[in-house]
Amino acid sequence: QDSPLKAVQMLWVNLIMDTLASLALATEPPTEALLLRRPYGRDHPLVSGTMLRNILGHALYQLLVIFTLLFAGQWRWGHPGDMGTSWGH
């Protein structure tokens, strides 16, 4: 079995993905209140109620969009659903 990605390609993918994630975390400067607050305890939940609500809300929104495109897309754009046919027919 040959791997679809070679070792050097995997390193590049890892470098690019880690760079984008670190840029997302580093773009907003810390506020004074954030730096002065006490750390959370070990028994404090990692995901707060607001975070969980946002995660579930976004997941439901994405499911709604993808299922709408999947099932209503054929009706809306007239695509026959066959992978072998072109969009123009």
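Every read-out reported here was derived from the displayed coordinates using simple, explicitly stated rules and does not represent laboratory data. These numbers were taken from a predicted model, which means no experiment stands behind them.
What to note about this one:
- In order along the stretch 41-48, the Karplus-derived 3J(HN,Hα) couplings, from 6.51 cos²θ - 1.76 cosθ + 1.60 at θ = phi - 60°, round to x, 5, 8, 6, x, 6, 10, 7 Hz, and Gly and Pro are given as x.
- Per-residue HN-Hα couplings for the stretch 35-40 [Karplus 6.51, -1.76, 1.60; θ = phi - 60°; Hz; x = Gly/Pro]: 6, 8, 6, 6, x, 6
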